[in-house]
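Read-outs throughout are calculated quantities, based only on the coordinates presented, and are distinct from any laboratory measurement. Computed from a predicted structure; not experimentally measured. Glycine gets a Cβ as well: all are built from the backbone with ideal geometry, and neighbour counts include every protein chain shown.
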Amino acid sequence: MRVLQAMLDSHFSIFMVEKVYVGRGVSLSSFGEEEVLLMDVGLGDSAVPGVSLAGRVLPFPN
């Protein structure tokens, strides 16, 4: 049920890589909105700050 709710609350945007955490993921921002931490090992190894990405964010509560 949590996944379904997250899908209903999701949003699509263009994000910019703010910070890279090598081997862990990246910190993304969406045009001045709140930063999002994306845990992705591959992206943490290959992303460069300042690069733009398009994607959908599924918000899960802490």
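Count neighbours as other Cβ atoms within 10 Å of each site's Cβ, and list the GluC sites (Glu not before Pro) in the chain that are DSSP loop with at most 15 such neighbours. Working shown, then result.
Working: sites: 18, 33, 34, 35; in loops: 33, 34, 35.
Passing sites in the chain are 33, 34, 35.
Could you check the spin-label model distance between residue 62 and residue 21? Points 7 Å from the Cα along Cα→Cβ, value in nm.
1.3
Treating only the Cβ of Lys, Arg, Asp and Glu as charged (+1, +1, -1, -1), what charge dipole size does region 2-57 show about its Cα centre? Round to the nearest 20 debye. If you can, show how the numbers build up before the last one.
Numbers: 4 positive and 7 negative charges, 30 e Å.
That gives a dipole near 140 debye.
How about region 11-62: which chymotrypsin sites (Phe, Trp or Tyr not before Pro) there lie in a loop by DSSP and see at most 10 other Cβ atoms within 10 Å? All intermediate terms of the calculation are to be shown ahead of the outcome.
On the way: sites: 12, 15, 21, 31; in loops: 31.
In loop regions of region 11-62 (DSSP not H, G, I, E or B), the sparsely surrounded chymotrypsin sites (Phe, Trp or Tyr not before Pro) are 31.
Enumerate by residue number the trypsin sites (Lys or Arg not before Pro) in the chain meeting two conditions: DSSP loop (anything except H, G, I, E, B), and at most 16 other Cβ atoms within 10 Å of the site's Cβ. Provide the component values of the computation, followed by the final result.
Numbers: sites: 2, 19, 24, 56; in loops: 24.
Loop-located and lightly packed - 24.
Considering Cα pairs under 8 angstrom that are at least six residues apart, work out the relative contact order of region 2-57 and quote it in whole percent. Let's see the in-between values first.
Values: 102 pairs, mean separation 22.4, N = 56.
After rounding, I find 40 percent.
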